[in-house]
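Okay, structure first, notes after.
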Amino acid sequence: MSDNNSDKNAGKPGLASLRTRPFERNFALTKLGLGAGSQIVAHSIANLFRGEVSRTEADREFYRRQAEVLRDELGQLKGSVMKAGQMLSLYGQYFLPEEAVTVLSQLQDDTPAVHWRVVQPVLERALGRSRLAELEVDERPLAAASLGQAHRATRKSDGLQLVVKIQYPGVADAIESDIRTLARLISMTRMAPKGLDLAPIFAELREMLHREVDYSAERSFTQSFGERLADDPRFVVPGVLTEYCSDQVITTTYEYGHHVKDVAVQGLSQERRNALGRAFVQLFVTELFGWGMVQTDPHFGNYRIRPDADGQDRIVLLDFGATRVFGRGFVDHYANIVRGGVDRDRDQIVHGAVGIGLMDAQFPKSVLDAFCDMCEMITEPFAGNDTGRVPARLLNAQGEYKWGDSDLPMRAGQLAAKNAFSKHFRLPPREIVFLHRRLSGVFIMLATLHAEVDARPLLLDVL
């Protein structure tokens, strides 16, 4: 679990209760949907008297207000419906209004904790009173998320510092009802385009939610990452204490570190920040192309930096609930896209894209060329010191890419808007949505570190 909310959660009273019963949650969301319906009628009537420009502006404001109401209500409900709202912001970038995506994405950063009396019974039932008595648990939450929250704890026998992650009561049982209700709500608010079949999207959200409440799988992924990285001094993975775990509780060692934006990290030398950047890139390409197992949640709260006086800075990896396993076939096809983008081999790009369902070989050449243009652009940081392709201002004297100065996301967004695929548009495979979430997180992490890293050899070593 990320602890990006630890400072603002500490000492706060938290939500006094959770609406976990299906009737309560359905009633709250249905009332929200009815309110949205009346606003849609009023907005549509007002549009009849607006000019084209003012109508566009009014539409944007309308979608923003609708999304804000949805965000606020989901934030209070917590549980699977809130997590589904977070994930919807990822899928939504492909079909929801930009204003709605911007607002819904805030669900990931604004998560109130719940009061201790709500989660304490879950902890007691999960561990038993005698086992729980071995721990001294801080009632103030260290971190809060949509499906659960984390508390610091100390093992009384030896003073070992721990983190206890507790799943909110009733969230696993509410998944099916929450997904059905959210699907109806999106339809009622008219934020999705007419005719778009949302069933596959909500099927994926349902599957994802069941995975994220599977604490047994999360423990296994945490242990697997720990074993794979045990001999790499650049990384720290919390240890799992199975005796304090259950299907609703995960307990790990507490691993300290600084937020990447902390002055202790930002003040590191360029060389040390570059080393951290290389580690982040190498970890990602190894997870995908080497292991086929990727932690897909890029929130900064899931990573902590532990500077060391001897210069061997370490990256603390937290929360493996969003880990996904990718099939070898998908990985190989995706590798073709990446390698084709890096080498400007368009046949290889198209071959990989067709293999994973992003493109169809029968698409017009203009559509395939537009897709290849995009692939070649977004692999720019892996192109090496080719100044004919990489803007000279983004390369330092050693030919390393200056991630913090790059405007690549903006350029890629402009190209995507210019080359919209119209009737050839298709929602990307679900693997792509979550994989690109992590990839964008890697870019933002290196940009925040102002790292100067040539990522080409790191990629090609793994490919």
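The values are calculated or read from the model by the stated rules, or taken from the named source; none is laboratory data. Since the structure is predicted, the reported quantities are computational estimates derived from the model, not experimental observations. Note that each Cβ is placed from the backbone with ideal geometry, even for glycine, and that neighbours are counted across all protein chains shown.
Can you find a residue in the stretch 323-330 that is aliphatic (A, V, I, L, M) and buried (at least 17 other Cβ atoms within 10 Å of the Cβ)? Steps first, answer last, please.
First, the residues of the stretch 323-330 that are aliphatic (A, V, I, L, M): 325.
From the residues that got through so far, the ones that are buried (at least 17 other Cβ atoms within 10 Å of the Cβ) too are none.
Within the stretch 323-330, not a single residue is aliphatic (A, V, I, L, M) and buried (at least 17 other Cβ atoms within 10 Å of the Cβ).
Among the residues of the stretch 288-307, what is the count of those that are assigned to a loop (DSSP other than H, G, I, E, B) and either under 21 Å from TYR334 (Cα atoms) or among the hydrophobic types (A, V, I, L, M, F, W, C) (or both)? I'd like the intermediate steps shown before the answer.
Of all residues in the stretch 288-307, those assigned to a loop (DSSP other than H, G, I, E, B) come to 292, 296-299, 307.
Still in the list and also either under 21 Å from TYR334 (Cα atoms) or among the hydrophobic types (A, V, I, L, M, F, W, C) (or both): 292, 296-298.
Of the residues in the stretch 288-307, 4 are assigned to a loop (DSSP other than H, G, I, E, B) and either under 21 Å from TYR334 (Cα atoms) or among the hydrophobic types (A, V, I, L, M, F, W, C) (or both).
Can PRO233 be described as in contact with a strand residue (DSSP E or B) (Cβ under 8 Å, 6 or more places away or on another chain), loosely packed, with under 15 Cβ neighbours inside 10 Å, not assigned by TED's automatic domain parsing to the domain that holds ILE305 and not hydrophobic (A, V, I, L, M, F, W, C)?
Working: in contact with a strand residue (DSSP E or B) (Cβ under 8 Å, 6 or more places away or on another chain): yes; loosely packed, with under 15 Cβ neighbours inside 10 Å: yes; not assigned by TED's automatic domain parsing to the domain that holds ILE305: yes; not hydrophobic (A, V, I, L, M, F, W, C): yes.
Spelling it out, PRO233 is indeed in contact with a strand residue (DSSP E or B) (Cβ under 8 Å, 6 or more places away or on another chain), loosely packed, with under 15 Cβ neighbours inside 10 Å, not assigned by TED's automatic domain parsing to the domain that holds ILE305 and not hydrophobic (A, V, I, L, M, F, W, C).
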Notebook entry, point to check: GLU124 versus (1) modelled with pLDDT of 95 or more; (2) crowded, with 20+ Cβ neighbours inside 10 Å: which is the lone unmet condition?
Noted result: (2)
Check: Which members of the stretch 383-399 meet the condition of being more than 19 Å from ARG344 (Cα to Cα) and crowded, with 19+ Cβ neighbours inside 10 Å?
Finding: LEU394, LEU395
Margin query: Could you check the stretch 427-459 and list, in sequence order, the residues that are surrounded by 17 or more Cβ atoms within 10 Å (Cβ to Cβ) and among the polar types (S, T, N, Q)?
Written below: THR448
Check: For the stretch 327-390, list the helices (runs of 4 or more DSSP H) that sit wholly inside it and hold at least 3 residues that are more than 16 Å from LEU463 (Cβ to Cβ) and either over 25 Å from the mean Cα position of the chain (by Cα) or among the hydroxyl-bearing types (Ser, Thr, Tyr) (or both); which are they?
Finding: 346-355, 365-378
Checklist line | Residues satisfying the stated conditions in the stretch 249-298, i.e. touching a helix residue (DSSP H, G or I) at 6+ places or on another chain (Cβ under 9 Å) and among the aromatic types (Phe, Trp, Tyr) | finding: PHE280, PHE284, PHE289, TRP291
Note to self: Suppose the filter is in a helix (DSSP H, G or I) and at pLDDT 95 or above; does VAL285 pass it?
What the structure shows: yes
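Residue-by-condition table, conditions (1) more than 26 Å from the chain's Cα centre (by Cα); (2) modelled with pLDDT under 95; (3) not aromatic (Phe, Trp, Tyr):
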{"position": "MET410", "(1), (2), (3)": "no, yes, yes"}
{"position": "PRO428", "(1), (2), (3)": "no, yes, yes"}
{"position": "PHE434", "(1), (2), (3)": "no, yes, no"}
{"position": "ALA451", "(1), (2), (3)": "no, no, yes"}
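Does any residue of the stretch 337-346 turn out to be touching a residue at least 24 places away in the same chain (Cβ under 8 Å) and acidic (Asp, Glu)?
no
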